[in-house]
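The values are calculated or read from the model by the stated rules, or taken from the named source; none is laboratory data. Values in this document were obtained by computation on a predicted structure and should not be read as measured data. We place every Cβ from the backbone using ideal geometry, glycine too, and count neighbours over all the protein chains shown. Note: areas computed on protein heavy atoms with side chains; ligands, DNA, RNA excluded. Shrake-Rupley method; radii C 1.70, N 1.55, O 1.52, S 1.80 Å.
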Amino acid sequence: MKNTPLICLEFERDLWVREFTLVAGVDEAGRGPLAGPVVAAAVILPATWANGGFDPRLVDLIDSKRLTEAQRENFFQIITTHPDLRYAIAIVDAATIDRINILQATHRAMNDALAQLTPTPAHVLVDGLRVKSLRWPQTPLVKGDARSYSIAAASVLAKVTRDRRMREFDRQFPGYGFAEHKGYGTPAHLAAIARLGPCSIHRRSFAPLKPEQGELFTDTRG
């Protein structure tokens, strides 16, 4: 796979030289689906990589959405077993998403992942816009998962973790096709909801699952 010229250590290196040696990248997976959890991951790359030593196995790491499933699984294995990397993963379930809304659930997952890191990061690179509730100094990076290696690493951990969880749900709740669509609102998924009704991992606060929109799955013809 040809690497994009945008991905780099520029943002991490800028913080490292300013003596922020513990810089975490954070990203999430699963904001948009109709079912399943939202997952966030945080990754700290070693500050020693500022002067070389970058693991060549990670050179083609990029935004998880641009990788194949096999590539994501390979990078997941490298990141989670690398002796010089620190990482953490947090999951917020569908019931909590319905209770506090998806934005707050996403931010909770990010905070929870970062809180698990030991030692705690001094600065965080966030994919997307500024997260007001984040409990650490931050630098937001639009399309950060295609610009920063630490955010890209976090995106892979979040995506692989969520996909694995959705495959588990596919076995627990057969008939919805969670292993294929991962909870997104595909035509096949919507048809399954119409046929079977929502299950316990569906997000009832999401259209078309909101109670006031239930007629989308009900035949009201006389």
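Quick one: in segment 66-97, of everything that is open to solvent by 40 Å² or more (accessible area, probe 1.4 Å) and touching a strand residue (DSSP E or B) at 6+ places or on another chain (Cβ under 7 Å), which residue is nearest to Arg203 (Cα to Cα)?
Ile91
Would you point out the residue of segment 130-185, among those that are in contact (Cβ under 8 Å) with a residue 40 or more places away in the chain, more than 21 Å from Gln71 (Cα to Cα) and part of a strand (DSSP E or B), that is most open to solvent (accessible area, probe 1.4 Å)? Applying the filter and picking the extreme gives Thr139. Screening Leu125 on (1) out of contact with any strand residue (DSSP E or B) (no Cβ under 6 Å at 6 or more places or on another chain); (2) assigned to a strand (DSSP E or B) shows it passes everything except condition (1).
Residues in segment 39-52 that are more than 13 Å from Glu12 (Cβ to Cβ) and free of Cβ contacts under 8 Å to residues at least 12 places away in the same chain: Gly52 only. When segment 189-213 is limited to residues that are open to solvent by less than 70 Å² (accessible area, probe 1.4 Å) and not in a loop (DSSP other than H, G, I, E, B), the one that is modelled with the lowest pLDDT turns out to be Gln213.
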